[in-house]
1. Please compute the modelled spin-label separation between LYS94 and VAL146, points set 7 Å along Cα→Cβ, answer in nm with one decimal.
2. Per residue and in Å³, how big is the convex hull formed by the alpha-carbon atoms of region 38-141?
3. Using a 10 Å cut-off on Cβ atoms, rank the peptides 80-89, 106-115 from the highest mean neighbour count down.
4. Sequence-distant or interchain residues sharing an amide H contact under 5 Å with LYS66, placed H: which?
5. How long, wide and thick is region 348-391, going by the Cα atoms along their three principal axes, in whole angstroms, largest first?
6. Give the long-range amide H neighbours of LYS151: residues separated by 5 or more places, or on another chain, with amide H under 5 Å away, using H modelled in the peptide plane at 1.01 Å from N.
7. Which residues in region 87-131 have a backbone N closer than 15 Å to a point placed 7 Å from the Cα of GLU78 along the Cα-to-Cβ line?
8. From the Cα gyration tensor of region 148-240, with a ≥ b ≥ c the square roots of its eigenvalues, which class applies: rounded if a/c is under 1.5, or else prolate if a/b is larger than b/c, or else oblate?
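Laboratory data are not the source of any read-out in this text; all were calculated from the coordinates shown. None of the values given here were measured: they were computed from a predicted structure. When we count neighbours, we look across all protein chains shown, and the Cβ atoms used for this are built from the backbone with ideal geometry, even at glycine.
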Amino acid sequence: MARQPLLVSLKVKGFVKQEKMHKKKCLFVCFLKIIFEKQWFYLDNAIGHVYGTTFEVTSGGNLQPKQEVEETSTEAKEAGTDNRNIVDDGKSQKLTHDDIKALKDKGIKGQEIVQQLIENSTTFRDKTEFAQDKYIKKKKKKYEAVITIVKPSTRILSTMYYAREPGKINHLRYDTLAQMLTLGNVHAGTKMIVMETCAGLVLGAVMERMGGYGSIVQMYPGGGPVRAATSCFGFPREFFDNLHEFPLSRVQSLLGGTFSAEPEEMPLLEEESNGLSEEKQQETEEEPAEISPAEEQDTMDISLNCLFCCSKVRDKQIKQWERRKKLKEAAALLGEKNADGLIVASKFHPTPLLLSLLEFVAPSRPFVVYCQYKEPLLDCYTKLRERGGVINLKLSESWLRNYQVLPDRSHPKLSMSGGGGYLLSGITVLLEQGRAGCGTSEPPKLEEPSSKRCKLQDLPC
């Protein structure tokens, strides 16, 4: 039986990592070691639990479901009035690194280690109540190994990519992605066109919002689409039945009516298969009447190699036929020119992409374009105003500020994102028939209003 991937999302200290576990045959036990943020553990005990379960990492790297314990306020009975007399000289903690390491080797849990750190701190009772809470939270984060398994979602993946590898998603922030889904009117039962070079994050967000209903045509540059982030969502197979792909290199041929889905590699593969069959026929024709056991074994090996090569060629032909079939289906969907929306988020200049892809969008439908910089979108805005066929054009910049919400300590966080990119949105309308020839024809002469006409007969002689 083939190894089936099981997607698990891990959230450690606010970040998420996607890993694939494999279950072999019918066994639901896998010995997969995960190393993440200076913490290693095995995922054997995580299988069978629901999403949102919190685990503690034991000394052997095994996961154990964490028991909910009510927090008592005995840790912060005594508190100081201010921190002005506290000096951070590194001598306030009696426990050394060797002592803490020895406690870990004995198998003592992180909660007990934090309690001993509090008891052996000479300045803990002199700190204010807020400073004590901050100290306890910091030590828990360092010494308590807690893992929460969460279900992959657009917010989690976009936050993870933006925090760890923003260059792979063109610095697309999660709030900007949410605005794109809203401005693009993405919902179930629609036909969407998505052009993105964000490792499949935008495509996965659109698929999650549509819930498997409707159709999506992904436009891609190069040899094939990149869906690294899309595979991390863990969508069922039914979601990919309505997902189509179409290369950008064939858009102009589709618009010009010269599109053909015939692959160029098919004749070569047929020649290879014919050559293999001819070699096989020559071998059978040249086969002697009497064959020794060694020659017979060599002949069987050659026949098996020929069959293996023929099966590989046949598999390639089947894959090419399926690829050609999907390409025809995507071309048929685009040829209807009744898409319900267009979303563009790529590293290329948006003007040529948008002007060509708008031909496949039905009138009175929204479109949205993302770019990390505003200058390309300004050029695109100007071209659209000159071309016509769009209304309600808006160029906006997304802005985000995180707030800390705590009792008597609610305030904006000191560090915030410098920029989340720019969005150009609008609505398509029917292009006027005579708009294309306005550049060559003479502009119409406008008469002045009757109130501004100069009456010569009223002037004095």
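1. Here the modelled spin labels are 2.8 nm apart.
2. Roughly 127 Å³ of hull volume per residue.
3. Ranking, from highest mean packing down: 106-115, 80-89.
4. THR54, PHE55, GLU56
5. Extents along the principal axes: 28, 18, 15 Å.
6. GLY52
7. Counting only backbone N, you get 118-129.
8. Rounded is the answer for region 148-240, as its axis ratio a/c remains below 1.5.
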